[in-house]
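Colleague: Questions regarding the structure given below will be posed in turn.
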Amino acid sequence: MASRKVLITGGAGFIGSHVVRLFVNKYPTYTIVNLDKLTYAGNLENLRDIEKKPNYKFEKGDILEVDFLRDLFKKYDFDGVIHLAAESHVDRSLHNPTEFAMTNIIGTLNLLIAANAAWTGNFEGKKFYHVSTDEVYGSADNGEFFTETTKIDPRSPYSASKASSDHFVLAFNNSYHFPSVLSRCSNNYGPYHFPEKLIPLIINNILNNKPLPVYGKGENVRDWLFVEDHARAIDTVFHQGKHGEVYNIGGNNEWKNIDIVRLICHLMDKKLGRPEGTSEKLITFVKDRPGHDLRYAIDPSKLMAETGWRPETTFEVGIEKTIDWFLTNQEWLKHVTSGEYLKYYSNMYQGR
Ligand code: NAD
Ligand code: DAU
């Protein structure tokens, strides 16, 4: 196996930690450097099981500091980048769009500049991989599926910032022949999911007998993919994706929010030995998210046809695995639901 030096940004976050784990375990001859600022969403406890491996290194740092990034490229001589660091929560973006523009747009641009400066003149064997989201396509209200050529139509500050960063990644490829590729994935779920997002929030609130906030009527539809399937897709795109290309990643697994919430209630009543219907009583319909996208639906056929990648975990299996993980890792949940997260939670849900 070849030896490579790969920078993974945002590796202490939800998806990033799964990608770091997969690469550290699967590629012992690679050096994996995890660069993370450790914002509220970054948690090194996610990586406890691999943190002592000889091919893993952690660097605390901010993608907004371009000189730091240039020095990092000199220090490690990376030949690959997998860029996941971002502000990722739509509700937070409605409260602080500037922070999202800075991290997601300027942070990505800084990384592109640092990589381009380090690699110019020798793009051979190099790859810059930007991890993006299906939300850049807007809302698929008329039953259609997002393909890679669907019009970019972001509708929240979060998705606008991700769409802008996507444009920079493609522009660097076009302008400098920079070796970049990007993917756009649907909603992930699984272990280490931060409990501000729907599925872990519902699990955490059921455990604590707290109301289960469902925005609007719960009719919005998301396409859910088990996070380990996304990590495998990222491995596939990193090694096989063609420069200048976009790849959609998704699970062909659409659910209305209210149906997911009811399913989790049902499964958790069984697992916790509570009478059927106990958790459903906690469902509370709250004020809708402003500009709430109705439906996301990804067509992942290009990636499947070009590489053979397929989701391996059905939703029935994945949701049970996820609930079981949270039940056996309640210590992890307690750690992340303390401090800043709790303050954020009470601010965000005032009036909802
Ligand atoms: P997350 O919020 O769990 O993690 C983000 C990580 O980035 C955290 O560890 C945080 O500390 C780090 N970070 C934030 N700002 C930084 C900065 N300035 N410098 C360095 N590190 C910084 O996010 P996630 O849900 O794991 O998403 C990861 C990526 O995948 C994001 O780019 C997101 O847009 C994309 N994505 C997420 C989903 C999803 O369902 N969660 C789906 C598709 C795409
Ligand atoms: O589609 C990919 C995107 O999926 C990623 O790019 C984002 O980073 C990720 O956060 C996720 O965005 P969503 O906005 O779809 O995820 P969230 O978990 O916040 O919400 C899922 C759905 O559930 C959405 O329709 C809003 C609704 N919701 C959410 C929360 C937190 C509720 O009804 N109640 C809630 O408390």
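Colleague: What percentage of the solvent-accessible surface of region 66-181, computed with a 1.4 Å probe over protein heavy atoms, is contributed by carbon and sulfur atoms?
Modeller: The value for region 66-181 is 51 percent carbon and sulfur by accessible area.
Colleague: Considering only His95, Ser161, Tyr137, whose Cα is most displaced toward the positive end of the charge dipole of the chain, charges sitting on Cβ of Lys, Arg (+1) and Asp, Glu (-1)?
Modeller: Ranked along the dipole, the leading option is His95.
Colleague: Right, something else. Dipole size in debye (nearest 20) for region 50-184 around its Cα centre, Lys and Arg Cβ +1, Asp and Glu Cβ -1?
Modeller: Computed about the Cα centre, the dipole is about 420 debye.
Colleague: Next question, about the same structure. To the nearest 20 Debye, how big is the dipole of the chain about its Cα centre, given +1 on the beta carbon of each Lys and Arg and -1 on that of each Asp and Glu? Intermediate values should be presented prior to the final figure.
Modeller: On the way: 41 positive and 44 negative charges, 118 e Å.
Dipole size: approximately 560 debye.
Colleague: Follow-up. Students often check this: by mean Cβ neighbours within 10 Å, which of 293-302, 146-155, 227-236, 87-96 ranks highest, and how do the rest follow?
Modeller: Highest to lowest by the protection proxy: 227-236, 293-302, 87-96, 146-155.
Colleague: Under 5 Å between amide H atoms, partner at least 5 residues away or on a different chain: which partners does Thr31 have, H built in plane at 1.01 Å?
Modeller: Close amide H contacts, sequence-distant or interchain: Arg4, Lys5, Val6.
Colleague: Keeping all protein chains in place, calculate the accessible area per residue for the chain (probe 1.4 angstrom), answer in Å².
Modeller: Value returned for the chain: 42 Å² of accessible area per residue.
Colleague: Who wins for biggest fluctuation among Tyr158, Tyr247, Tyr176 in a Gaussian network model of the chain, springs between alpha carbons below 10 Å?
Modeller: Tyr176
Colleague: Cα to Cα, under 22 Å, and not fewer than 8 places away if on the same chain: which lysines meet these conditions relative to Lys75?
Modeller: Lys5, Lys37, Lys52, Lys53, Lys57, Lys60, Lys126, Lys127
Colleague: If you don't mind, another one. Can you work out the Karplus-derived ³J(HN,Hα) for every residue in region 14-28? Use 6.51 cos²θ - 1.76 cosθ + 1.60 with θ = phi - 60°, whole Hz, and x for glycine or proline.
Modeller: Each residue's phi maps through the Karplus curve to give 4, 6, x, 5, 5, 5, 4, 4, 4, 5, 4, 6, 7, 10, x Hz.
Colleague: First check a/c for region 266-329, with a ≥ b ≥ c the square roots of the eigenvalues of its C-alpha gyration tensor; if it is under 1.5, answer rounded, and if not, answer prolate when a/b is larger than b/c or oblate otherwise.
Modeller: oblate
Colleague: Gap in Å between the Cα centre of region 98-143 and the Cα centre of region 64-91?
Modeller: 10
The values are calculated or read from the model by the stated rules, or taken from the named source; none is laboratory data. Values in this document were obtained by computation on a predicted structure and should not be read as measured data. With ideal geometry, Cβ positions are generated from the backbone for all residues, glycine too; neighbour counts draw on all protein chains shown. All accessible areas refer to the heavy atoms of the entire protein, side chains included, with ligands and DNA or RNA removed. Shrake-Rupley method; radii C 1.70, N 1.55, O 1.52, S 1.80 Å.
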